[in-house]
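Next up is a structure, given as structure tokens.
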Amino acid sequence: QQQRRLQGLRQEAADYYRGHRVPQRMEEALNALFPQRPADLYGELANYFSKFSKAPVICKLVGRKVLDGVGQPTLEVEIYCTVKNYEKRICSTVMSSHSQIPENALPETTEADEKERNDAVNAAVEWVNESLNIMLRDLKPTDQCKVDKMLGEYFTKKVEEEKEIQKQEEKEEAEATLALTSCTPSATSLPGKKKSARPGKKVAVAERTIPPAEPAESVLRGSLAIGGTSLAIAKAGATISHIPLYLHIALLKCNQDSPKEITLPLPMVTLLNCEKFTPAKLKLVKEVMLIPPVQLSLKQGIERVLDIQKEMTRLLEPPGKASSLQLADSKKGRAHNAGKKAPPQALKRMSHLGCLITECNNLEQPLLLMQTACNNIGLELGTDMYLAINCAAHELMDYVKGKYEILTGTFKSPDEMVDMYVELINKFPFIFALIDPLRKEDRQQWNNICYALGSKCYLIAEDAATYISKLKIDQNINIPTCSGVVLKYINQTKVSDLIELTGLLDGQRHITILGSPDGESSDDSLVDLAVGLGARFIKLGGLSRGERVTKYNRLLAIEEELAKNRTLREANLEFIAFAEESPPENQLSDVLPPPKQDSLPPQLSQAALQVHSLPAQLPENSTLT
């Protein structure tokens, strides 16, 4: 009987292995490997059979609270998959934090924002470890569309739950207020008198002359979990497919058609961060950025930016500091001098954006400073390097006056701002791009500035594109007339959202810029996203601080890899021509007027071109207020 039982088990085992074609594949493997006689025979057998194993599936998500590059709490998401019957950690991603609180906010506002951020991260960790961990179990990490669809549905459900809670709270508050007013009727008359007596005419005039600010979109606590999980799944999919993340993103965007060539985005490297605090008078300029010409490789462009940064550091040293350093160095050995030459003052004046901080009193000052630094090392702005300015005009509006405060005590209306920018670009033709020159609400002035300057520089909207969920309306892009937008991967943004949105932007001839939030993390996935999505530019901040530099290093590594594989395509830059007919005011997506022939340098007609071969030198004693 035992013999019969063993015989039955042998037959069952034989049927099981034959059903999975094990004998046949074993014979094929042995026949294929014998002529090769590999040094690691069992390793080759493992490689041979691994292609017949089941695809990895998600088995666990882990969320935890970590710190970003400025010490603020943010979310990390880890992905674990079942690979060949074992649980294996595949990858993790750390989300960048984003805050809408201005630099000069009151301490109470900053404290409230920090508490809200802390609560949001705690909620996100809970979402990942509980609901999302269960919901995404047993899904393939390569199925990005399915995962993102489920994440979107989950987020929508959470939004509806939050709305119901708010409605209930408002109802209870209204009932409490009604009970209070019925008991104390005199209390209602006092606010009414104050309201009627308060001088409101000036505010009313301002509201009629300028469009009111759009209400800021509320960010649902825990929404970081959606963006963090979506990006972590994309990284896991790339890892399991044994391809870099940028190629995985490109395949998702191109519906799995492998691109023959890939163009790297040009870096917008922040060199100066202009302070907006007293005694500095200039408020308009937030960042002054350098853009290397397309003829240079990325490595050459970064090296050139570093040379300018060194010269700028020297120019910004306080008077007498250089001589005192030299005196100290002369008393010590030459080997020790190398260490002493590292400028401690520059490190103290380093912004969280990874760039130098300076104080300016007028709009010309930072531009002339950049020009001086370039000239001192034999470079010419407009030929060897270009400038971009982040104006951050939305932070400057005085809603009582209905004007922008560009300098301390100096105000300009939206129309006057357009005139000022026209004069600025005419005097400084090496300015390649203006970011947020106006509020997103001043759409008519965006139209005007694009028609006036669209053939000379890029007019970029960043604040208008902060919340990707508000950008897309049907097949249109809900932004002012502009050359392009800065997209940031924050909150509930999903990888599929970026793929869809950049496809729309490409089709409507807008340029895409992937931007780094203020609270950046050490995760370098943003670079792969920019390369895979085909972004024209990437805005990462300065060449200091580890969380910034690691992204530039990743960009350099991708350039080296593409060059080695001969799949690197040179960037092709040209200004978009706005249509001559003025579009209707309610039109959401726009295209640019064919530029006058004499307004563009001849290089623009070439396939790979360098924009602005205009003279960089300015007339002496020129001023701009």
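Rule-based calculations on the coordinates, nothing more; no lab input. Worth saying up front: this structure is predicted, and the values here are computed from it rather than measured. Positions of Cβ are generated from backbone atoms using ideal geometry, with glycine treated the same way; all protein chains shown enter the neighbour counts.
Mind listing which trypsin sites (Lys or Arg not before Pro) in region 202-274 are in a DSSP loop and have 11 or fewer other Cβ atoms within 10 Å?
Those that pass, being in a loop and sparsely packed, are Lys260.
Starting from the amide H of Leu271, placed 1.01 Å from N in the peptide plane, find each other amide H under 5 Å away whose residue is 5 or more places distant or on another chain.
Hits under the 5 Å cutoff: Val288, Met289, Leu290.
OK, next. Please list, in chain and number order, the residues 5+ apart from Tyr458 or on another chain whose amide H is under 5 Å from its amide H, with Hs placed from the backbone.
The answer is Ala433, Leu434.
Given the Cα-Cα distance of Ser413 and Asp113 and 0.36 nm per residue of separation, how much length would full extension add, in nm?
On the way: separation 300, 0.36 × 300 = 108.00 nm, distance 3.07 nm.
Extra length from Ser413 to Asp113 when fully extended: 104.9 nm.
What FRET efficiency, computed as 1/(1 + (r/R0)^6) with R0 = 60 Å and r the Cβ-Cβ distance, is obtained for Lys310 and Arg25, rounded to the nearest 0.05?
Efficiency computed from Cβ-Cβ geometry: 0.45.
While we're here: Roughly how far apart, in whole Å, are the Cα centres of region 212-227 and region 126-182?
Comparing the Cα centres of region 212-227 and region 126-182, I get a distance of 13 Å.
Could I ask something else about it? Computed over the Cα atoms of region 1-101, what is the ratio Rg over Rh, Rh following Kirkwood? Walk me through the numbers before you get to the answer.
On the way: Rg = 23.7 Å, Rh = 18.5 Å.
Rounded to two decimals, Rg/Rh equals 1.28.
Using the Cα centre of region 57-172 as origin and beta-carbon charges of +1 (Lys, Arg) and -1 (Asp, Glu), tell me which of Leu151, Val125, Tyr80 is placed farthest towards the positive end of the dipole.
Sorting the options by dipole projection puts first Tyr80.
Tell me, what does the Kirkwood hydrodynamic radius of region 407-489 come to in angstroms if you use every pair of distinct C-alpha atoms?
Evaluated on region 407-489, it is 13.5 Å.
Moving to a separate point now. Return P(r) of region 57-172 (all Cα-Cα pairs; 10 Å bins starting at 0; whole %; ordered from short to long distances).
12, 33, 32, 17, 5, 1
Rounded to the nearest 0.05, what FRET efficiency do Tyr48 and Tyr86 give with R0 = 22 Å and r taken as the Cβ-Cβ distance? Could you check?
0.70
Right, another one. Given points 7 Å out from each Cα along the Cα-Cβ axis, report the Glu561 to Ala176 separation in nanometres with one decimal.
Reported label-point gap for Glu561 and Ala176 is 5.5 nm.
Rounded to the nearest Å, what's the spacing between the alpha carbon centres of region 237-305 and region 36-88? Just the number, please.
After rounding, the separation between the Cα centres reads 29 Å.
Can you give the net charge of the other residues whose Cβ lies under 14 Å from the Cβ of Leu178, counting K and R as +1 and D and E as -1?
-3
Along each principal axis of its Cα atoms, how long is region 1-51 end to end? Whole angstroms, biggest number first, please.
46, 18, 16
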